[in-house]
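The block underneath contains the structure these notes are about, expressed in structure tokens.
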Amino acid sequence: MWREASTTMAARLFYTVAIWMTFIHCTKGIPWTQEKLHHQALTLTQEEISTALSHTDLAQMWLRDLRPLLVTRYPGSAGSQAVQQHIKTTLGSLGAGWEVTEDRFVSQTPYGTLPFTNLIATLNPSAKRRLVLACHYDSKYYPPQWHGMEFQGATDSAVPCAMMLELARALDEELKAQKVVIYSM
Ligand SMILES: [Zn+2]
């Protein structure tokens, strides 16, 4: 009798856990890890594209972002430190509430062990799925035998970094509003 009761209780407990797990891991019958395979992209109307673009300002992008980013900035250099600071300060000043973290590591290179830092800005750290945009901010290092040659790397990749900062700035209000909608659901 006792044994039967405990078996029933164990079975009930199992079902409760199983249902809970199913609820957590499936949406519309699809495990969340598979949802990306069923993603339907939204297409913006011409008007929505124009509205998003109207918030960008190329002249301002040059002054605010490209000029400070377009410096010699190989890993471990003073320029690299300044660029990191600029990216962190810019994203931190936006209203959308980016969470900016650093991933620091050292790595072997043909010129010895050098320090590297990835900067990761996340809009909603608890989101199950994310769209990731990435570019590299460091520039190529020229050793002394290149007679003082410096590499500034406009398209590789100061401009992409400036474009990403401008995009974050241009969409700041929309991204902030989107967060409120997501959190209130
Ligand atoms: Zn590159």
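Rule-based calculations on the coordinates, nothing more; no lab input. The model shown is predicted, which means the values in this text are computed figures rather than measured ones.
Over all pairs of different C-alpha atoms in region 36-185, the reciprocal of the mean inverse distance, the Kirkwood hydrodynamic radius, equals 17.4 Å. Rounded, prolate or oblate: which fits region 20-114 when a ≥ b ≥ c are the square roots of the eigenvalues of the alpha-carbon gyration tensor, with rounded for a/c under 1.5 and prolate only if a/b beats b/c? Taking the square roots of the gyration eigenvalues as a ≥ b ≥ c, region 20-114 is oblate. Across region 91-176, the volume of the C-alpha convex hull divided among the residues equals 122 Å³ per residue. Shape call for region 67-116 from the C-alpha gyration tensor, a ≥ b ≥ c root eigenvalues: rounded (a/c under 1.5), prolate (a/b greater than b/c) or oblate? Since a/c reaches 1.5 but b/c is at least a/b, the shape of region 67-116 is classed as oblate. Bridgeable lysines around LYS88 (alpha carbons under 20 Å apart, same-chain partners fewer than 8 residues away excluded): LYS176.
Taking one quarter of the surface of the C-alpha convex hull of region 125-173 gives a mean projected area of 5.1 nm².
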